[in-house]
1. Applying 1/(1 + (r/R0)^6) with R0 = 22 Å to the Cβ-Cβ distance of Ala190 and Arg38, what FRET efficiency is obtained, to the nearest 0.05?
2. In nm, what is the difference between 0.36 nm times the number of residues separating Asp97 and Glu157 and their Cα-Cα distance?
3. Would you please calculate the Kirkwood hydrodynamic radius of the range 27-94 over all C-alpha pairs and express it in Å, rounded to one decimal?
4. Rounded to whole Hz and in sequence order, give me ³J(HN,Hα) for the range 141-148 from the Karplus expression 6.51 cos²θ - 1.76 cosθ + 1.60, θ = phi - 60°, writing x for Gly and Pro.
5. Can you compute the FRET efficiency between Lys25 and Val121 using 1/(1 + (r/R0)^6), with r the Cβ-Cβ distance and R0 = 25 Å? Round to the nearest 0.05.
6. Say R0 is 30 Å: what FRET efficiency, to the nearest 0.05, do Ala165 and Ser67 get from their beta-carbon distance?
Amino acid sequence: MRPDPKPGGQETSHSASFIERARRKQIVDTAIATIAERGYSKTSLAEIARGAGISKGVISYHFRGKSELVEEILSRLMREPAEFIKSRVDARTCATDKIRAYIEANFEFAQAHRSHLLALVDLWGRRDSSEGRNRFDAEAYEPSRRYLSRILTAGVESGELRPVAAAAMASAIQAAIDGVLLQWAFDDQAVDLDATCREIQEMIAGHVARTVPSGAEP
C-alpha cells in the first residue's frame, strides 16, 4: 500500500525531483559519451537528444543551452574521480600508502571510465570569449595539489617522509599521472597503464620515503 501523500504535496515534489535528477544524469551521461566519440565541436544538442532517445526540448528544459550543459559535464568529470580517489586514499593510514593509493586510484578510475577521460581532454581547452578562460581552467588542478600537499606535509611532520617541498612534489605527482593518461587517451595501445602505475608508485615512494641510515633502528 502506498503511504498517504505528505502535506503540501511533498511526495509529488520529491518524486518530481528524483525524476528530474535522473533525467539530468541521463543527458549528461549521453553527452559525455557523445563528446568522447565525436568531439565537442561535432556534438550538438540534437545529437545528444538522439543518443538519449529524447527530444531536444527535454534538454532545453533541464539546461539553458549547450554552455550550461558543458559546465555540468565539466563539474562531474572533476567531481566523480575526486570522490573515487578520496575513498581509496582515506582507507589507508600512513602517508606512503596514501600516496600509492592516490596514484593507483587515478589510473583505476581512468581505465573504468575511458569516455570520461576522452571527453575531458576534448573539453580542456574550451574558452568563454567573454571571460578569457573559464572556471574549470582556473580551478582544475588546485584541489589535487592541495589534497596531495596535505598528505605530504602530514608525512613529513610525522617523520615518515623526508623533508620535501609539498606543493612542488604534489604538482610533480599529478603531472606524472596526467602525462601518462594523456598519452593513453591518444593511443590506448601505446601505454600499459598497470605497469606504468607501478613504476610511478615506486619512483615517488622511493623519492619521498625517509631513508634509514645503515645500522640504525628502522
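Taken together, the values in this text are just the output of simple stated rules run on the coordinates, not laboratory data. This is a predicted model, so every value here is computed, not measured. Positions of Cβ are generated from backbone atoms using ideal geometry, with glycine treated the same way; all protein chains shown enter the neighbour counts.
1. Values: r = 22 Å, r/R0 = 1.01.
Rounded to the nearest 0.05, the efficiency is 0.50.
2. Working: separation 60, 0.36 × 60 = 21.60 nm, distance 1.58 nm.
Contour length minus the Cα-Cα distance gives 20.0 nm.
3. Values: mean 1/r = 0.0756 Å⁻¹.
Kirkwood hydrodynamic radius for the range 27-94: 13.2 Å.
4. 9, 4, x, 5, 5, 5, 5, 5
5. Values: r = 22 Å, r/R0 = 0.88.
For Lys25 and Val121, the calculated efficiency is 0.70.
6. Details: r = 38 Å, r/R0 = 1.28.
The computed FRET efficiency comes out at 0.20.
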